[in-house]
1. Which whole-Hz ³J(HN,Hα) couplings does the range 85-91 yield from phi under the Karplus relation 6.51 cos²θ - 1.76 cosθ + 1.60, θ = phi - 60°, glycine and proline marked x?
2. Please list 3J(HN,Hα) in residue order for the range 139-147, calculated via the Karplus relation 6.51 cos²θ - 1.76 cosθ + 1.60 where θ = phi - 60°; whole Hz, with x for glycine and proline.
3. Looking at Gly101, Gln158, Ala133, which one has the Cα that reaches farthest to the positive end of the dipole of the range 24-160 (charges on Cβ: Lys, Arg +1; Asp, Glu -1)?
4. At q = 0.14 Å⁻¹, what log₁₀ I(q)/I(0) does a Debye calculation on the Cα points of the range 24-160 give, no solvent, two decimals?
Amino acid sequence: MADENDVLSDLNLDATQPNGADNQPSAGIITQYVKDLSVENPNAPAVYQWQEQHNIDLQFNIGADKVSDEVTEVELKVNITAKTSQGDAYLIELAYCGLVGIRNIPEEQAHAFLFAEAPRMLFPFARRVIADAVRDAGFPPLMIDPIDFNGLYVQQLQAKREQEAAASAPPAGEA
C-alpha cells in the first residue's frame, strides 16, 4: 500500500470478485446477545448474614444451530451455583449467543471455529454478564477464570476418536 502525503492510494480493490462472487474463506461474529438469563437468590435476606465462603460449581456447554447456509447461532450456556453448608447463596443460568457467519471454509475447519474459536470470542462478554448478575444479586462480582476452549475442543476430539476406535476393535480373545 502506497502512502503519499497521508493519502492511501492502493486500496487493493481488485482482489474481490464482482457481484458477490467472492470465494475467499471468511468467518466471524455477526452479532452477539443474551438469549436467556436467570438469577436466583433463594435464601435472601438470610444469605447476607452467612459468614461461610461460597463453594462455586461452574458448568458450561457449547451448542451450534444452523440458521442459514452461511449463518450459525453459537450458544454458550453457563450454569453457576454458589453454595454453603447453610444452603444455596445464588444460582445463575446464562445462555449467551453469537451469530457466526462462515463462508467458503471446509466443514472440519468450520466445526472447529464454531466449537472452539467462537466460544473463545464470546466468553469475555458472557463473563461480564455473569459478574454483573452476581453483583446485582448483592454479592461480590464473580470473575470466572479464562477457559481454554481450543484445548477442550482438542480433548473432546481425542476422546471421541478413542471411543470410536474402541467400538470398532474386535472383542478381546477374537482374532
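1. In residue order, the calculated couplings are 5, 8, x, 6, 7, 7, 9 Hz.
2. Working through the residues one at a time gives 10, x, x, 8, 9, 6, 5, x, 10 Hz.
3. Selected residue: Ala133.
4. Per q value, in the given order, log10 I(q)/I(0) is -0.69.
Throughout, read-outs are computed from the coordinates displayed, never taken from laboratory work. In this text the structure is predicted, and so the values were computed from the model without any measurement. Every residue, glycine among them, receives a Cβ derived from its backbone with ideal geometry; neighbour counts consider all protein chains shown.
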